[in-house]
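Each reported figure results from applying straightforward, stated rules to the coordinates on display, with no laboratory input. Keep in mind the model is a prediction, meaning the values are calculated, not measured. Cβ: placed from backbone, ideal geometry, glycine included. Neighbour counts: every protein chain shown.
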Amino acid sequence: MYLKASSAMSLTFNGFLKSCALAALVIGLAPSAADAAPRKSTVAKKSAVEHKRVVRSFAAGKRRSVVHVAAVPARPSYGQLAGLHSVQDQLDLKSSVALVIDQDTREVLFSKNDSAVLPIASLTKLMTGLLVSEAKLSMDEMITITQDDVDTEKGSRSRLRVGAMLTRGELLHLALMSSENRAANALGRTYPGGMDAFVSLMNAKAKILGMKDTRYVEPTGLSSRNQSSAHDLALLVNTAYNDPMLREFSTSPGHQVAVGKQTLQYNNTNRLVKNPGWDIGLQKTGYISEAGQCLVMQAKVAGRKLIMVFLDSAGKLSRLGDAERVRKWMEANPNVGPSGTTVVRQVNS
């Protein structure tokens, strides 16, 4: 949020004078840059008095001036720039890309812009976890968070400070469950051969799985150059689901880790794992501004095992709302077939 101010106004005083000048600006009395220098002490005294008066006035509900406030526009996602959100669908999903597949029959039950290739944010960590698990590395080996694990791409924060030591298993758990970026980076950095070898292996594995639209440049998803399509991600979810450790870690509601003298509580980024109405076998969330809100899941709905992919959802909770919309649609149409058609299915006795 910001206050609209005339370009002629200048808040160049330091320390106390800055806050005073801001109070004067709110009530329309801020001095111009030309006047400010010779009148610092006078302005400061008057501004301090006016600041107290304005605070009392606001507290009493007697607002005496209008402050124009405007929201800073969010950076548009790649999907928004491509116009994908203008595409309508029968479920009125908020995600610009969606795909629902019957895991057993491989039938596509619902699709929307499913061939689009977009940034995938922290969905990347599902491939990171798959490679670490398949390498059969020791989950008890202690790994130290270093400066190399600090995010310089987006400047995101982390509670894992440089110097913190956790086991590889704990790092994998946090990366999959709570999307811990430093944990994911440390997993790639400490992989045999180092980060370059790990990223090469990520792309090689994608090729083996038939993920033709996918490219990885790092293991966290912070880079918008990590990109994929809904169909490719469905292939990844199907493969990752076969790994018991990935299923357990990604669907864990919460987990505590001891870091030095502290015990840190981490929670799942997907609140649906705590919802008794859901039977989720594997999941991963993701978000960066270029990707929008993303979600992939394997879940049992209406007696059928489904793989769901939602990319570039517009709101913070809309990806979960889209999953709920699909679940209700499936429960209302348990015999839905390819591309949403209704078919009669035989049930073996």
What's the exposure ranking of T263, T128, T105, going from fewest to most Cβ atoms within 10 Å?
T263, T105, T128
I need the phi-derived Karplus couplings for segment 244-260: 6.51 cos²θ - 1.76 cosθ + 1.60, θ = phi - 60°, integer Hz, Gly and Pro marked x.
x, 5, 5, 5, 5, 5, 6, 9, 5, x, x, 7, 10, 10, 8, 10, x
Could you pull out every residue, at least 5 positions away or on a different chain, whose amide H is within less than 5 Å of the one on G281? Hs are placed 1.01 Å off N in the peptide plane, and Pro or chain starts have none.
Q298, A299, K300
List, in order, the whole-Hz ³J(HN,Hα) value for each residue of segment 99-109 obtained from phi through the Karplus relation with A = 6.51, B = -1.76, C = 1.60 and θ = phi - 60°; use x for Gly and Pro.
8, 10, 10, 6, 5, 7, 9, 6, 6, 7, 8
How large is ³J(HN,Hα), in whole Hz, for each residue of segment 289-297 in order, when computed from phi with the Karplus curve 6.51 cos²θ - 1.76 cosθ + 1.60 and θ = phi - 60°, using x for Gly and Pro?
4, 5, 9, x, 7, 10, 7, 10, 8
Listed pairs K125/K284; K300/K328; K274/K328; K205/K284; K284/K316 exceeding 20 Å between Cα atoms
none
